[in-house]
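Below is one structure, written out as structure tokens, with a few remarks after it.
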Amino acid sequence: MTLNPEIRWIDTPAALDAACAEVAQADVIALDTEFFRENTFHPVPALIQFAAGGPAFLVDPQEVACTEAFRRLLAEGPLKLLHASSEDLEVFAHWAGVPVAPLVDTQVAQSLLGEVPSMGYQKLVEHWTGETLPKDETRSNWLLRPLSESQQRYAALDVVFLLEVWERQRASLERQGRMAWVEEDCAALVDQAARSEAADGQWYLRHRQLWRLSPRQVEAYRRLTVWREGEARRRDVPRGWLVNDRLLYAIAEQLPENRFELSRIEELKPALIKREGDDLLRLVREAMKVDEEALPAAPLSPMAPEFKQRLKALKKVVNAEAETLGVAPEVLLKRRELEALVSADLRGEPLPLPGGWRGDRLATGLTAALEEASR
């Protein structure tokens, strides 16, 4: 593999379609993007890169819109390789309007082959090929034109080595019988990207202090975050530019009835109240009118002894299985998933046990650990 790959610059629909035809029969295509996202909600695509063992194609999305041929290449046909794909999938969803499938994320694959769950691309390449990639363009402005030779080379190298990395990862995964695990996890990534695009209204559950709120305050916070999500997308501005999480949480906590009470919330500036105050107060009023039985369940305190006892028991199961498999515990189950299990157990609700290969490895042990901890 060379550090000076052949590069083809694509800035017309005809050139993009020709490049698609050139790689259409490949078994695997490596993809990457460069984008800008400082003052917008949606990522602004600055460069699209792909390769299939020959030249690296660099597509200028400022000059050429996605074509039907490229949409078909993304959504059908060959296996697509991406590394740390979550933001790239957003770029493709916004620019191309289609999911990327079938997909393998080489970061996910690596997480199932070792104890480093989020290995960066440069370290991954060095691990599998011994090559040290240049880092000099990591913080480039990819929207400037023309791109320098150094920028183009850096961007091309982001895809040409993915093919070799995946070939070696795949051999190791097959030896260990974990190929199906990667396929399952990467299909879940595609599904998650689709849900994110649909704005499913679950942002409020991410707040780590949600348990401090009453059910009615939680309902207010949920409504506020749903409103903020929709408006940020519609106006194409970052969530925090509209209203940040800390302020939405404070509004839900204090449940103001009027602009005077709204103005007493620390750090809530007059300009924000003038611009968004009517909507914020309307959402609080709506939350206050919800019938008690329709409110979300009171969040459980993770500081309670019974909660901590069960969480500790579940972590012991996950840690033991992670050691057996030689992977990081968070690759098996994240803390939020463990907390959801504890909450369901304490409420006497059905357990949200993991499915798929994780369920095969963990479900029995997790269930037994909760039964033991509850005695």
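The table below gives the values:
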item: The one condition in (1) within 30 Å of the chain's Cα centre (by Cα); (2) closer than 22 Å to residue 232 by Cα; (3) open to solvent by 90 Å² or more (accessible area, probe 1.4 Å) that residue 275 fails to fulfil; result: (1)
item: Yes/no for residue 203 being touching a Lys or Arg at 6+ places or on another chain (Cβ under 9 Å), aromatic (Phe, Trp, Tyr) and open to solvent by less than 60 Å² (accessible area, probe 1.4 Å); result: yes
item: Pairs, first at positive phi in the stretch 255-266, second at pLDDT 95 or above and open to solvent by less than 100 Å² (accessible area, probe 1.4 Å), C-beta under 8 Å, six or more apart; result: 255/216; 255/217; 255/220; 255/284; 255/287; 255/288
item: Every pair of residues 6+ apart whose Cβ atoms lie under 9 Å, when the first sits in the stretch 274-289 and is in contact (Cβ under 8 Å) with a residue 60 or more places away in the chain while the second is open to solvent by 50 Å² or more (accessible area, probe 1.4 Å) and of a type in the set (Lys, Arg); result: 283/223; 284/223; 286/223; 287/222; 287/223
item: Identity of the residue in the stretch 159-199, in contact with a helix residue (DSSP H, G or I) (Cβ under 9 Å, 6 or more places away or on another chain) and not in a helix (DSSP H, G or I), that ends up most open to solvent (accessible area, probe 1.4 Å); result: 199
item: Elements of type strands (runs of 3 or more DSSP E) contained in the stretch 29-129, each with 2 or more residues being in contact with an Asp or Glu (Cβ under 6 Å, 6 or more places away or on another chain) and modelled with pLDDT of 95 or more; result: 44-51
item: Qualifying residue in the stretch 18-30 (condition: buried (at least 17 other Cβ atoms within 10 Å of the Cβ), in contact (Cβ under 8 Å) with a residue 60 or more places away in the chain and of a type outside the set (Lys, Arg)); result: yes
item: Single condition residue 1 does not satisfy, out of (1) assigned to a loop (DSSP other than H, G, I, E, B); (2) surrounded by fewer than 14 Cβ atoms within 10 Å (Cβ to Cβ); (3) modelled with pLDDT of 95 or more; result: (3)
item: Whichever residue in the stretch 171-187 is free of Cβ contacts under 8 Å to residues at least 60 places away in the same chain and not hydroxyl-bearing (Ser, Thr, Tyr) and, among such residues, is nearest to residue 125 (Cα to Cα); result: 171
item: Among (1) surrounded by fewer than 15 Cβ atoms within 10 Å (Cβ to Cβ); (2) within 19 Å of the chain's Cα centre (by Cα), the one test that residue 237 misses; result: (1)
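This table checks each residue for (1) in contact (Cβ under 8 Å) with a residue 24 or more places away in the chain; (2) surrounded by fewer than 21 Cβ atoms within 10 Å (Cβ to Cβ).
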residue: 78; (1), (2): yes, yes
residue: 81; (1), (2): yes, no
residue: 91; (1), (2): yes, no
residue: 101; (1), (2): yes, yes
residue: 115; (1), (2): yes, yes
residue: 136; (1), (2): no, yes
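Listed here are the residues, each with its yes/no results for (1) open to solvent by 60 Å² or more (accessible area, probe 1.4 Å); (2) part of a helix (DSSP H, G or I).
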| position | (1), (2) |
| --- | --- |
| 287 | no, yes |
| 296 | no, no |
| 300 | no, no |
| 309 | yes, yes |
| 312 | yes, yes |
| 321 | no, yes |
| 327 | no, no |
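The values are calculated or read from the model by the stated rules, or taken from the named source; none is laboratory data. Remember, it's a predicted structure, so these values are computed and weren't measured experimentally. Cβ sites come from the backbone with ideal geometry, for glycine too, and all protein chains shown count toward neighbours. For the accessible areas, the whole protein counts, side chains as well, though only heavy atoms, and no ligand, DNA or RNA atoms are used. Shrake-Rupley method; radii C 1.70, N 1.55, O 1.52, S 1.80 Å.
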